[in-house]
Amino acid sequence: MFDKIKNPILFQGDLTKNNYFEGWYYKHVSFDEKTSISLIPGVNLFKGDEHSFIQYIYVTLNEQNEKTTNTGYIRYRLDEFSYQNNPFLVQIGQTIFTESFVSIHLKDEQFTVQGKLGLGTFQNIKTSILSPSIMGGFAYIPKMECYHGVISMNHRLQGTLTINNEEVEFTNGKGYIEKDWGTSFPKEYIWIHSNHFKNESTSLFFSIAHIPFYLTTFKGFICNIIVNDKEYRFATYNGSTAKIVSQTKDTALIVLENKEAELTIQGMITSSGKLIAPKNGSMNKAIKEGLSGEISILLKDKKQNTIYRDESKLAGIEIVEA
């Protein structure tokens, strides 16, 4: 059990569970930053509708040099899903996901992609016995509504994909991997991620959500930012605070703080598409996600007395209101 908890990329469930979902999020951005494609392989074990799936989010530039977002949900039978843990591998249909490569063969009415991408060395987050994953000690608590894992904050890509009959070069582009599993996504949350800043070493993950916790609820948050190989963690479980200064359906301003640092994140969704998220074990909740959102960050290191500012125009952002 501990091996699974400290290695969230592994399949955390089993195929006999009821009202359960598990999904991986593999994001790939081309070197020229003109093409982003995220693939979400997963399983849904809602009684009477058990199946596997691959969702995609495809962002590219149109003829007017404007970003366009296309999304889709490709459904497979449950017996088309297979996995192994050592070495890690998940296969759905003909598409394979591992820690060292992805081999993609997808097609629906509007979208065709095939090819293979090599994945470089993962940028892992710091963990310990008490904090075995991004969830800290909450990773050990059973029957949480939703568990989260951050697998790689940043890694290089190698290879090309043929997308809608056009060859796209991803060599020296960047990737990111995370995942979720449980019964439902939170009823309200903000999720922000980017590893495309002016400082190429910077990567950011942030989430704040409504968390049911046995007989009560609370607003839980986790944030990890890496700048020049230094990691800052803001989380409910380490004494940090988080304040949503302002929020609309497309924008959010958040301030996080602890003894070590203060981080301000300002995000805006600019182009978005529809994804399907789990609710009570069933994949039936539509949410909006953008892969070309804009964020600005301001990080104040209290111990080193430094200030760092940066911005990204290739941020993944979801803002879901109850």
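Here are some values of log10 I(q)/I(0) by the Debye sum over Cα atoms at q = 0.09, 0.11, 0.13 Å⁻¹: (1) -0.43, -0.66, -0.95; (2) -0.48, -0.70, -0.94; (3) -0.67, -0.88, -1.07. Which one was computed from this structure? Label of the calculated value: (1).
Near HIS51, once Lys and Arg are set to +1 and Asp and Glu to -1 for all other residues with Cβ below 9 Å from its Cβ, the sum equals -1. Put a plus charge on the Cβ of each Lys and Arg, a minus charge on the Cβ of each Asp and Glu, and nothing anywhere else: the dipole of the chain about its Cα centre is then about 820 debye.
If you roll a 1.4 angstrom probe over the protein chains with everything in place, what fraction of the accessible area of segment 211-322 belongs to carbon and sulfur, to the nearest %? Accessible surface attributable to carbon and sulfur in segment 211-322 totals 51 percent.
If each residue of separation counts as 0.36 nm, what is the full-extension length gain between ASP301 and GLU260 once their alpha-carbon separation is subtracted?
Here the segment from ASP301 to GLU260 would lengthen by 14.1 nm.
Pairs of Cα atoms nearer than 8 Å and 6+ residues apart set the relative contact order; for the chain it is 15 percent.
Between ASN124 and ASN199, the distance separating the two model label sites (each 7 Å from Cα on the Cα→Cβ line) works out to 2.4 nm.
Across the options ASN44, LEU61, ASN7, the greatest Cα extent toward the positive end of the charge dipole of segment 1-63 (unit charges at beta carbon of Lys, Arg, Asp, Glu) belongs to ASN7. A 1.4 Å probe, protein heavy atoms only, puts the accessible area of ILE254 near 0 Å². Helical content of the chain, expressed as a calculated mean residue ellipticity at 222 nm, amounts to -500 deg cm²/dmol (DSSP H runs of 4 or more residues, -39,500 (n - 2.57) each, divided by residue number, nearest 500).
Per-residue accessible area (protein heavy atoms, 1.4 Å probe) orders THR241, THR171 as THR241, THR171, starting from the largest.
Shown are THR216, THR69, whose ranking by accessible area with a 1.4 Å probe and every protein chain present, most to least, is THR216, THR69.
Placing pseudo-labels 7 Å out from each Cα toward the beta carbon at LYS17 and LYS4 gives an inter-label distance of 0.7 nm. The distance separating the Cα centre of segment 241-297 from that of segment 135-154 comes to 18 Å. Count the lysine pairs in segment 255-322 that are 8 or more places apart or on different chains: how many have C-alpha atoms under 25 angstrom apart? Going through segment 255-322 pair by pair, I get 9.
The values are calculated or read from the model by the stated rules, or taken from the named source; none is laboratory data. For clarity, every value in this text was computed on a predicted model and none was experimentally measured. Note that we place each Cβ from the backbone using ideal geometry, even for glycine, and neighbour counts take in every protein chain shown. For the accessible areas, the whole protein counts, side chains as well, though only heavy atoms, and no ligand, DNA or RNA atoms are used. Shrake-Rupley method; radii C 1.70, N 1.55, O 1.52, S 1.80 Å.
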